[in-house]
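What follows is one structure encoded as structure tokens, with my remarks underneath.
Bear in mind that the values in this text are calculations on the coordinates, not laboratory data. None of the values given here were measured: they were computed from a predicted structure. As a convention, Cβ positions derive from the backbone with ideal geometry for all residues, glycine included, and neighbour counts pool all protein chains shown.
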Amino acid sequence: MRSAAPGRLAAGLGLALLAACSTPSEVVDAPATAASAYTIWDPYPQYDATSEWVRLLEACGAQAGVKVERTGYDTSDLTNKALLAAQQGGSPDVLIVDNPVVSTLAEAGVLTTTAENRLDVSAVSPNLLGAGQSGGETFGVPIGANTLALYYNKDVLDKAGVDPATVTDWAALTAALEKVTKSGGKGITFSAIGTEEGSFQFLPWFWGSGANLTKLDSPEGVAAVTLWTDWLKKGYAPNSVINNTQTTSWQEFATGEYAFAENGTWQLANAEKAGFPYGVIPIPAKSGGPAPAPTGGEFVAIPVQEDTSRYATSQRLVACLTNGENSLKTTTTLSYIAPTEAVQQQQVAADAKLGVWVEAVKVAKGRTGDDLGTKYPKISEPMWGAVQAALSGSTPPQEAMTQAQRAAASATQ
Amino acid sequence: MALTTQARSRGRTGEPTPPRRAPRLRSGQWAAWAFLAPVGLYLLLFYAYPLYRNVELSLRDYTVRSFVRGDAPFAGFDNYLKVFADPTFGPALWHTVVFTVVSLAFQFTIGLALALFFVQNFPLSATLRALFLVPWLLPLIVSASTWSWLLNSESGVVNAALGALGLGPVNWLTSPDWSLWSVTIANIWIGVPFNLVVLYSGLQAIPAGVYEAAALDGANARQRFWRITFPLLRPVSAITLLLGLVYTLKVFDIIWIMTRGGPSGASTTFATWSYRLGFGNLVPSFGPGAAVGNLLIVAALVFGLVYVRTLHRRVP
């Protein structure tokens with residue numbers, strides 16, 4: 001009697017285990033029954049099923065005659081998710097990723113080339129396509145681009161007697177910051193946090209000084225760090241920038257106390273809501289003119305599949321998202337600048353305020369361009385470290401950049 | 001540990017069963033195994049396998065390409081050597097030690113003081129004690145974000161309060177001299193309730209008669225604490241400190257949310273360094289990341305073994 005009950009239990013457990021074992025076969029069946037379902041992963045978790053973006057994806061799926069299953073992931077999660085999926089042989093049919101990640105995924109052999117998947121990239125501006133190219137191959141299409149510029153608060157500048165049109169080089173900007181500070185306002189806010197975000201914000205100044213990522217400790221590179229460091233020392237920029245993300249930096253600007261903020265296209269909607277008159281100017285280069293800012297925005301890519309016959313449909317999905325008038329719809333939905341000149345002109349015609357951003361995108365550069373590819377992240381990490389060291393006062397700019405160059409050189413060997 | 005004691009007690013109850021009822025025993029054994037199977041499977045799937053994978057990760061030379069293809073070459077201890085030689089290693093080790101020791105010391109002292117206070121059961125003491133649990137109940141992302149707002153150099157309340165007292169602002173999160181202390185303070189605040197709860201229940205287990213006897217013998221409050229409370233609380237204190245240690249070694253969220261380990265590595269501990277290596281970069285280096293993680297596991301294990309040893313010595 002005593003052993004009977006456990007025996008029955010054990011049998012029950014066995015059944016339960018059997019049942020558990022049988023579920024995988026059902027999972028295997030699922031794709032077969034829904035063979036027409038194509039999976040899309042994107043880094044836009046903020047858009048839910050009712051959003052314009054998801055409706056556009058569904059419309060493109062309907063056009064290609066397939067059902068679309070879309071999943072939105074957090075940007076920082078998506079790289080590892082994509083790598084893991086490729087390891088397990090479960091890559092999505094269409095993958096939308098942040099542009100500096102493309103070279104990493106390409107290096108991992110996760111993405112097909114445009115030669116394999118027959119995507120047409122001829123109309124795309126070369127400076128935007130650069131981030132998706134390595135070793136002479138192209139691994140995706142930019143879905144849209146954004147970049148950085150300087151937002152300014154008109155009220156604060158008027159009070160200080162600064163005309164934003166005169167801010168065309170570093171000296172003029174620093175002079176403007178001095179005037180603003182003297183008039184009781186606060187100067188400029190940006191993000192110098194110890195992540196890729198910090199490097200993204202620093203690059204316009206680094207490149208605008210004429211420096212090159214292959215030599216961080218060049219006089220030009222040091223000049224860029226010194227510019228930021230001096231702003232902090234003189235109180236033109238708040239000390240909190242060292243820990244600012246681009247969002248917290250924007251929150252500082254939104255208080256209405258700051259004259260300038262370095263931020264991106266994606267804040268335009270928030271700028272309208274800020275409650276003070278604002279404007280946008282390109283980030284000035286050291287000796288004048290707009291500085292090349294890094295391109296932001298995502299690439300649409302087609303990951304490698306075991307069943308290569310799926311590429312044809314995936315290609316139609318991607319083409320639908322990136323071609324002609326759909327590109328206008330996509331970029332408007334995501335509030336991006338289009339990757340092709342024709343659509344850029346349409347955007348400016350529809351909204352003249354985008355003019356500055358189109359100009360900025362034209363001179364922007366891909367971070368992984370210049371044939372850096374997967375070397376870029378290994379340079380970027382010591383670079384944001386050096387910027388933080390200099391801004392926090394623990395190391396002088398020259399020494400910080402020399403150390404960073406040493407670390408980058410040994411990491412990229 | 002739980003498994004071995006369970007198995008041992010199981011073996012002991014099995015011993016007196018006479019061998020003549022062998023067939024009965026065998027079916028009983030099957031049932032025993034069936035009962036053990038879920039736990040065993042669970043432990044294997046969710047503890048042993050990930051641990052094995054982490055060790056394996058740290059012994060192979062993973063690049064993104066070999067990670068996807070699963071053909072990473074065996075690299076022996078190369079990843080560990082790389083980690084030891086990294087300029088981040090020394091500071092990260094020091095920060096981990098300081099963060100852990102200072103956190104534990106303050107959490108334990110404050111927790112014990114509060115426990116002694118609350119054990120006197122005055123009106124509303126239960127309500128007050130419940131309030132002290134709030135830091136423990138809050139999700140870490142909420143408490144860490146709140147701390148980083150409080151300590152913001154520009155708009156933080158703490159600096160505003162210092163200013164009202166006529167003291168200059170402190171760059172809590174952005175100065176290399178302060179960032180480690182800031183995250184430590186936040187961590188102490190979060191850890192006090194745990195110490196309070198465990199030590200409070202430990203105090204209640206001390207029989208009141210001992211105190212009465214001591215009072216009759218004329219022991220004053222200080223003597224009662226050092227001669228009775230402290231020694232009798234030692235087993236509870238030991239487990240509190242051990243759990244606190246294991247927990248503090250792996251603290252990641254608070255530091256990451258408040259400073260990202262910065263500025264330029266000034267508050268980087270092994271936990272944040274491991275994350276940064278594995279996930280914080282566009283090109284992940286899983287091997288060294290796993291190696292740093294394993295160092296943390298080994299450290300926790302060593303202290304766990306020390307604890308088990310001292311426990312055995314006291315209870316022969």
Worksheet item: Tally Lys and Arg at +1 and Asp and Glu at -1 over the other residues with C-beta under 12 Å from the C-beta of A:ALA409: what net charge comes out?
Response: +3
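Nearest 5 percent is fine: what portion of the DSSP beta bridges confined to the protein assembly as shown is antiparallel?
DSSP beta bridges in the protein assembly as shown are roughly 65 percent antiparallel.
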Worksheet entry | Fraction of the pair-distance distribution of segment A:273-393 above 23 Å, Cα-Cα pairs, percent | 53
Discussion item. I need the P(r) histogram for segment A:343-413: all alpha carbon pairs, bin width 5 Å from 0 out to the longest distance, whole percents.
Written reply: 3, 16, 16, 13, 11, 12, 10, 9, 8, 3
Worksheet item: Nearest-5 percent of antiparallel DSSP beta bridges in chain A?
Response: 65
Discussion item. What is the angle, in °, between the Cα long axis of helix A:170-182 and the longest principal axis of the Cα atoms in chain A? Nearest 10 is fine, range 0 to 90.
Written reply: 80
Worksheet, complete the sentence: Surpassing 32 Å at the alpha-carbon level, of the pairs A:LYS159/A:LYS329; A:LYS329/A:LYS378; A:LYS67/A:LYS375; A:LYS273/A:LYS362; A:LYS182/A:LYS215, are A:LYS159/A:LYS329; A:LYS329/A:LYS378; A:LYS67/A:LYS375; A:LYS182/A:LYS215
Fill in: Between segment A:191-270 and segment A:117-188, the alpha-carbon center distance in angstrom
11
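Which whole number gives the average count of other chain Cβ atoms within 10 Å of the Cβ atoms across peptide A:392-404?
2
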Practice prompt. Equivalent ellipsoid semi-axes for segment B:137-206, as square roots of 5 times the alpha carbon gyration tensor eigenvalues: give them largest first, rounded to whole Å.
Written response: 30, 13, 11
Discussion item. Quick one: 3J(HN,Hα) in Hz for segment B:277-285, Karplus 6.51/-1.76/1.60 with θ = phi - 60°, rounded, Gly and Pro as x.
Written reply: 5, x, 10, x, 10, 5, 10, x, 10
Practice prompt. Sort A:238-244, A:372-378, B:73-79, A:61-67 for me by packing, meaning the mean count of neighbouring Cβ atoms within 10 Å per residue, highest on top.
Written response: A:238-244, A:372-378, A:61-67, B:73-79
Worksheet item: Sorted by mean Cβ packing within 10 Å, highest first, what order do the peptides B:107-118, B:202-213 take?
Response: B:107-118, B:202-213
Discussion item. For segment A:142-271, compute the orientation-averaged projected area of the C-alpha convex hull (one quarter of its surface), in nm².
Written reply: 8.4
Response to the item:
Computed over chain A: longest principal axis from alpha-carbon atoms vs helix A:4-33 long axis, angle to nearest 10 degrees, is 60
Worksheet item: Per the Kirkwood formula on distinct C-alpha pairs, the Rh of segment A:63-122 is how many angstrom?
Response: 12.9
Worksheet entry | Largest-first principal axis extents, alpha carbons of segment B:94-237, Å | 58, 36, 32
Worksheet item: Which of the peptides B:300-306, B:241-247 is most tightly packed, and how do the rest follow, judged by the mean count of other Cβ atoms within 10 Å per residue?
Response: B:241-247, B:300-306
Response to the item:
Note: segment B:180-246 at 10 °C, 1.306 mPa s; Kirkwood Rh on alpha carbon pairs; Stokes-Einstein D in µm²/s works out to 117
Discussion item. On C-alpha positions alone, give me the angle between the axis of helix A:376-391 and the longest principal axis of chain A, in degrees, nearest 10.
Written reply: 40
Practice prompt. Under 14 Å from the Cβ of A:PRO43, count the other residues' Cβ atoms, weight Lys and Arg +1, Asp and Glu -1, and hand me the total.
Written response: -4
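Summing Lys, Arg as +1 and Asp, Glu as -1, what charge do residues with Cβ under 14 Å from the Cβ of A:THR265 carry, A:THR265 excluded? All intermediate terms of the calculation are to be shown ahead of the outcome.
Working: positive: A:LYS353, A:LYS362; negative: A:GLU262, A:GLU272, A:GLU298, A:ASP351, A:GLU359.
Net of charged neighbours comes to -3.
Would you mind giving the average projected area, over all directions, of the Cα convex hull of the protein assembly as shown in nm² with one decimal?
Averaged projected area of the protein assembly as shown's Cα convex hull equals 41.5 nm².
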Item to complete: Take the Cα atoms of chain A, build their convex hull, and give its volume per residue in Å³.
Response: 193
Worksheet entry | Viscosity 1.002 mPa s, temperature 20 °C, Stokes-Einstein D of chain B from Kirkwood C-alpha radius, µm²/s | 91
Worksheet item: What residues qualify as long-range amide H neighbours of A:THR138, i.e. H under 5 Å apart, gap of 5 or more or another chain, H built at 1.01 Å from N?
Response: A:THR114, A:ALA115
Fill in: MRE, 222 nm, helices only [DSSP H, n ≥ 4, -39500 (n - 2.57), over the protein assembly as shown, to nearest 500]
-18500 deg cm²/dmol
Worksheet entry | Peptide-level mean, for B:60-70, of C-beta atoms on other protein chains within 10 Å | 5
Discussion item. On a straight-distance basis, which aspartates and glutamates could pair with A:LYS233 in a cross-link, Cα separation under 18 angstrom, same-chain partners fewer than 8 positions away excluded?
Written reply: A:GLU178, A:GLU399, B:GLU154, B:ASP177
